[in-house]
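See structure below.
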Amino acid sequence: MPSQAPSAASYVQKPATLAELREAVVCGRTRAADLAARYYGRIEQLNPALNVYLSLTRERAMEQADRVDRAAAKGDPLGPLAGIPVGVKDVLVTKASASTAGSRILAGYEPPYDATAVTRLEAAGAVLLGKLNCDEFAMGGSNENSAYGPVHNPHDLDRVPGGSSGGSAAAVAADLAVATLGTDTGGSIRQPASFCGVVGVLPTYGRVSRYGLIAFASSLDRVGPLAANVRDAATLLGIMAGHDPHDATCSTAPVPDYAAESDRSAEGLRIGVPAEYFAEGLDSEVRAAVEKGIDALRGSGCTVQPVSLPSTPHAVPVYYLIATAEASANLARFDGVRYGHRSADSATLADMYRHSRDEGFGPEVKRRILLGTYALSAGYYDAYYRKAQQVRRLLAEEFLRAFAQVDAIVTPTAPTPAFKLGEKVDDPVAMYLADIYTVTASLAGICGVNVPCGKTAAGLPVGMQVLAAHFNESTAFRIARAVEAAGL
């Protein structure tokens, strides 16, 4: 433990780029083991205040770092992430190490395998530092639903980091990892990336394998990277993406060189701006920052034109019907039988199921299971779940029509900057409405990138969301890189 608390300014720190760190390892200026040790020292110093890491995988990390150092010493070829310290959201399983999904019901669970995304990062040379805090089963927009306490925003410890990948975003912002993995079901990478001032990527559904992801809503869940800059995020996505026979929904489409694509100019690209995302409820400072980002794109040679997405106001109720229905089915497996928490206060099998789930699940998870079970129940399925799926189709078709006119769509990522801890925790409807700008892309299956585009007068980050058509991440990266280059 540190002898004294760190100053407020020390919580936010921009890491060196992937390319800079890898070059230092390859050339022998830095040992991967020393780099990992340096990050563990910073974690020891700052994690007590931020609560970013739930567990550390120190032995695994040092073994990987030693492999990288031995290969570097021999002059062997090194992977694109050689020695790079990364963190992984705790809804992605890691072999023989704690994987809790932020829930008491999975306390003590150590899986027998790694998620595909984790395997691919390590195969590229990445060093896994540990597992990152998140809303329980990725259900939440503030990281206050974790059974292990909330994450604090490095820019203001009294504010939320966003959710559900709050630990993943805060870890990058505080330089407690060079890059991280998160998951996004309705905005859970993009919104915390916006609140913490980092880059977060929502890949096209099927672009990255979901094998090893503890499921929340299977038709919506996606695994994606968070990083301090666009090129690093693009590099990570290129490594993670691609077909996986373990996931039947994973696409066989070829994977471009996203990093190289992000280097291309955005000049000549057509940018759509939907009025529905700039309506009542948008914070004035957020609006001003995003409009500056749009002006920067004009200055980069992009053309800007209006587009219409009229079904946007229906997206939140549609999302919370579909997502909760799928959650009620996915979470039925957590019953105290095979793994995780089992209630000791059970006289019968039925009691064991009931008590284990009651003790293991938190209030938000219980709320969503109840909502989803209701929506799927006899007499209500057609009125709610089926109707929601029909409106989901309308949303997707509106995006397809818009992308016939423009190359990408830009919007605010969140309607406000990061809010205070506890501000919305007792008002779930207000919390759900904060997802209004992110759930649309989730429902449509398209891709998107959050890129920082400025700060409020109080110094809180603001993010711009760049949305592109299915499997067109390259265009989203080009546009995000242009905004980043403007230095807003």
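Computed from the coordinates by the stated procedures, all read-outs in this text should not be read as laboratory data. Source: prediction; values computed, not measured. Here Cβ is always computed from backbone atoms with ideal geometry, including for glycine, and neighbour counts include all displayed protein chains.
The table for this structure:
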quantity: Dipole moment magnitude, nearest 20 debye, the chain about Cα centre, only Lys, Arg, Asp, Glu C-beta charged; calculated: 440 debye
quantity: Shape category assigned to region 14-262 from the gyration tensor of Cα positions, a/c cut at 1.5; calculated: rounded
quantity: Computed label-point distance, nm, for sites ALA288 and ALA486 using a 7 Å Cα→Cβ extension; calculated: 1.5 nm
quantity: Long-range amide H partners of GLY130 with built H, under 5 Å; calculated: THR57, VAL88
quantity: Part-to-part distance (alpha-carbon centres) for region 292-343 and region 127-142, which is given in Å; calculated: 17 Å
quantity: Estimated FRET transfer efficiency (GLU423, ARG38; beta-carbon r; R0 56 Å; 0.05); calculated: 0.95
quantity: Residue order, fewest to most surrounding Cβ atoms within 10 angstrom, among ILE214, ILE369, ILE189; calculated: ILE369, ILE214, ILE189
quantity: Mean ellipticity per residue at 222 nm, deg cm²/dmol - from DSSP H runs of n ≥ 4 across the chain, formula -39500 (n - 2.57); calculated: -11500 deg cm²/dmol
quantity: Note, ³J(HN,Hα) from phi for region 333-346, Karplus 6.51, -1.76, 1.60, rounded to Hz, x at Gly and Pro; calculated: 6, 8, 10, x, 8, 8, 7, x, 5, 10, 5, 7, 9, 9
quantity: Region 31-94 versus region 99-120: alpha-carbon centroid distance in Å; calculated: 18 Å
quantity: Projected label distance in nm at SER377 and ASP351, using a 7 Å step from Cα toward the beta-carbon; calculated: 2.6 nm
quantity: Mean separation of Cα contacts under 8 Å, 6 or more apart, over the residue count of region 4-86: relative contact order %; calculated: 46 percent
quantity: VAL304 long-range amide H proximity, modeled H, under 5 Å; calculated: ILE271
quantity: Region 14-262 - charge dipole about Cα centre, Lys and Arg +1 at Cβ, Asp and Glu -1, debye rounded to 20; calculated: 220 debye
quantity: For region 14-262, with +1 on Lys and Arg beta carbons and -1 on Asp and Glu, the positive-most of ALA179, LEU106, LEU21 along the dipole; calculated: LEU21
quantity: Anisotropy class of region 1-110 from Cα gyration tensor, a/c 1.5 cut; calculated: oblate
quantity: Given charges at beta-carbon only (K, R positive; D, E negative), |dipole| of region 225-359 in Debye; calculated: 140 debye
quantity: Which of SER165, SER55, SER97 has the fewest Cβ neighbours within 10 Å, and the rest in rising order; calculated: SER55, SER97, SER165
quantity: Calculated from backbone phi, Karplus (6.51, -1.76, 1.60) coupling profile of region 302-310 in Hz, x at Gly/Pro; calculated: 7, 9, 10, 8, x, 9, 10, 10, x
quantity: Lysine pairs within the chain, Cα separation less than 16 Å, 8 or more sequence positions apart or different chains; calculated: 4
quantity: Inter-centroid distance (Cα atoms) of region 429-460 relative to region 203-277, Å; calculated: 16 Å
